[in-house]
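Student: My questions will all concern the structure given below.
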Amino acid sequence: VTSFPRLAKNFFSKFDKKLGTTTSIKYVSGSVEAAIGLGLADGIVDLVETGTTMEAAGLEVVEDVMKSETVLISNPKNKHPELVSSIYKRIQGFIVAKNQCMISYNIPKKKLKNALDITPGHESPTVTDLSDPAWCAVSALIKRKNAQNIFDSLEAVGAKSILT
């Protein structure tokens, strides 16, 4: 079962020739991964970005049918370069937001340098004075996949009220 019958047919044709078989391919639109659970298919060919939905359905990748990438292409003689630039910046922002998260914490000023070595931020962290002159608050972008280790490292250098 697949939403890409021509692609699936091309993929399975090499096996069918070798084995003298014909793979039955059925078209469905929508939640292709549900076909196995519903008993409609022994396997699926689907477009997978992260694999989360597939794993939630108890499925695993047997073989990659093809690799692909998404690209933004612009005509150099484009009449709307500002629109292309805006779309490009939005895509960049989405990628940053997907891969990073904001961490905020309070730290004694005497330990600020150590903390900033751990959380340098995407470009630069935000450091704000607190009402207690010995303390400051820091907000910085960090890589989402490193959040727990960064949390532990900040705690080790004296950070308090750590939020992600």
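The values are calculated or read from the model by the stated rules, or taken from the named source; none is laboratory data. The structure displayed is predicted, hence computed values, not measured ones. Neighbour counts are summed over all protein chains in view; Cβ atoms, including those assigned to glycine, are modelled from backbone coordinates with ideal geometry. Surface areas here come from the heavy atoms of the whole protein model, side chains and all, with no ligands, DNA or RNA. Shrake-Rupley method; radii C 1.70, N 1.55, O 1.52, S 1.80 Å.
Student: Quick test for you: out of PRO120, PRO108, PRO125, pick the one residue that is open to solvent by less than 40 Å² (accessible area, probe 1.4 Å) and without any contact (Cβ under 8 Å) to a residue 24 or more places away in the chain.
Tutor: PRO125 is the lone residue from the list that is open to solvent by less than 40 Å² (accessible area, probe 1.4 Å) and without any contact (Cβ under 8 Å) to a residue 24 or more places away in the chain.
Student: Could you check segment 54-164 for helices (runs of 4 or more DSSP H) lying wholly inside it with 3 or more residues that are within 30 Å of ILE44 (Cβ to Cβ)?
Tutor: Counting at least 3 such residues, we get 81-99.
Student: Please give the number of the condition LYS26 fails out of (1) surrounded by 11 or more Cβ atoms within 10 Å (Cβ to Cβ); (2) within 27 Å of the chain's Cα centre (by Cα).
Tutor: (2)
Student: Mind listing whichever residues of segment 1-53 are of a type in the set (D, E, K, R) and either part of a helix (DSSP H, G or I) or farther than 12 Å from VAL65 by Cβ (or both)?
Tutor: Selection gives ARG6, LYS9, LYS14, ASP16, LYS17, LYS18, LYS26, GLU33, ASP42, GLU49.
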